[in-house]
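Following: one structure in structure tokens, then a few remarks.
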């Protein structure tokens, strides 16, 4: 019974952290100057994506998105308003970060849910300030002309790439936790 409650608490804490990162990731779709020839750090560009506004972010999301880099490898104009591009998105390896956070949570006993949540957030912040392993994803995106600039049209592939695939990582942890609870 104790193991069952512990897994549920870890799932809850992990869920909260991942949801915060995903929500912040969606907000970061507002990036500027997407197609400059140099690699751009996501946190410095807010209006890169079509029809978006500047978000308000928490500290963990700022640390994460401060490391996300975007590089346009090609852009093709389809007509006056539409185009398509190939973009390489480089992010911290969230799978490895979450593995370490979960391992820490599994090794702690006697903490309240609030203490576990704080511990998980501090560990994630610590890992994001270190030399974190990175992963790169190349995706095809649609672009649209807006205010004299080509901007990325948000899509599931774009969100998955800039969020470090955190939604899939969450689904995997959730499935494993639920399977463990049933067994």
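The values are calculated or read from the model by the stated rules, or taken from the named source; none is laboratory data. Model, not experiment: these values are computed from the prediction. In this analysis, Cβ positions are derived from the backbone assuming ideal geometry, glycine residues included, and neighbour counts consider all displayed protein chains.
Descriptive notes on the structure:
- Scanning segment 130-159 for residues that are assigned to a helix (DSSP H, G or I) and modelled with pLDDT under 90 yields 156, 158, 159.
- Residue 60 part of a loop (DSSP other than H, G, I, E, B) and in contact with a helix residue (DSSP H, G or I) (Cβ under 7 Å, 6 or more places away or on another chain): no
- Being farther than 24 Å from residue 69 by Cβ and touching a helix residue (DSSP H, G or I) at 6+ places or on another chain (Cβ under 9 Å) is a condition met by at least one residue of segment 165-173.
- The sole residue among 94, 88 that is surrounded by fewer than 17 Cβ atoms within 10 Å (Cβ to Cβ) and either under 13 Å from the mean Cα position of the chain (by Cα) or in contact (Cβ under 8 Å) with a residue 12 or more places away in the chain (or both) is 88.
- Selected residue (criterion: surrounded by the most Cβ atoms within 10 Å (Cβ to Cβ)) from residues of segment 160-183 that are in contact (Cβ under 8 Å) with a residue 12 or more places away in the chain and part of a loop (DSSP other than H, G, I, E, B): 164
- Residue that is farthest from residue 141 (Cα to Cα), among those in segment 77-105 that are out of contact with any helix residue (DSSP H, G or I) (no Cβ under 7 Å at 6 or more places or on another chain) and in a helix (DSSP H, G or I): 103
- Within segment 123-159, considering residues that are in contact with a helix residue (DSSP H, G or I) (Cβ under 9 Å, 6 or more places away or on another chain) and farther than 23 Å from residue 85 by Cβ, the one surrounded by the most Cβ atoms within 10 Å (Cβ to Cβ): 124
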